[in-house]
Amino acid sequence: MKKLLYRLGFYMMGFSIGMIFLAVILKGKKTSCNYGPNDRVISNLSKKAWKSQNKVPTDFDSLAFQSFLGKANIDFGKSNTRKDSCKKYFINGYWNEKPISLEVMNCEKTVEILRLNKRSK
C-alpha cells in the first residue's frame, strides 16, 4: 500500500506540472475544440465578414447575427455542402426569443444572408 501511495504521489506531481505547462502554452492563443460538424460550421461562419440582402430586417445587424449563431443549429438535410465555391446552409435558431431560420451562402471570405424566415415552434 505504501508503494501505491508513493507512485500515486509521483503521478500527481507529473500530471500537475504537465497541466501548468499546457496552461502557460495555450494561455494567449485563441484555441477552441470544435469536434462536431455543427460547431465547425458555426465557428467558420462567425469568423467571416457578413452581408445581407434586402430581405433581412434592418435590426438584424452583426451583433444580432453573432448572438444568433451562438445558439443556432445547422440543418444539414436542407443544406448544400457539396459545392466548391459557396456552400449553402440552413440555420435554425432563436432571435428575440422567436424561432427563425436563416439561409446563408458561406463563401471563402464572406457570409451572405439570403433569407430570414420565421418558423413555428
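The values are calculated or read from the model by the stated rules, or taken from the named source; none is laboratory data. Since the structure is predicted, the reported quantities are computational estimates derived from the model, not experimental observations. Cβ: placed from backbone, ideal geometry, glycine included. Neighbour counts: every protein chain shown.
Table for the structure above
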| item | result |
| --- | --- |
| Filtered residues of the range 27-44 (kept if modelled with pLDDT of 80 or more and touching a helix residue (DSSP H, G or I) at 6+ places or on another chain (Cβ under 6 Å)) | ILE42 |
| Failed item, numbered, when SER79 is tested on (1) within 20 Å of THR110 (Cα to Cα); (2) modelled with pLDDT under 85 | (2) |
| Failed item in (1) modelled with pLDDT under 85; (2) under 20 Å from the mean Cα position of the chain (by Cα); (3) not acidic (Asp, Glu), with PRO57 passing the rest | (2) |
| Residue pairs meeting the criteria (Cβ under 9 Å; at least 6 apart or on separate chains; first farther than 18 Å from ARG40 by Cβ, in the range 94-119; second of a type in the set (Asp, Glu) and in a strand (DSSP E or B)) | ILE113/GLU103; LEU114/GLU103; ARG115/GLU103; LEU116/GLU103; ASN117/GLU103 |
| Qualifying positions in the range 70-105 - more than 17 Å from GLN53 (Cα to Cα) and small (Gly, Ala, Ser) | GLY70, ALA72, GLY77, SER79, SER85, GLY93 |
| Among the residues listed as LEU22, LEU69, LEU63, the single one being part of a helix (DSSP H, G or I) and more than 25 Å from LYS118 (Cβ to Cβ) | LEU22 |
| Residue that is modelled with the highest pLDDT, among those in the range 45-54 that are closer than 17 Å to LYS88 by Cβ and out of contact with any Lys or Arg (no Cβ under 9 Å at 6 or more places or on another chain) | LEU45 |
| Filter result for the condition that a residue is surrounded by 13 or more Cβ atoms within 10 Å (Cβ to Cβ) and out of contact with any Ser or Thr (no Cβ under 6 Å at 6 or more places or on another chain), over GLU108, GLU97, GLU112 | GLU112 |
| Residue tally, condition over 17 Å from ASP59 (Cβ atoms), assigned to a strand (DSSP E or B) and in contact (Cβ under 8 Å) with a residue 12 or more places away in the chain, over the range 74-93 | 7 |
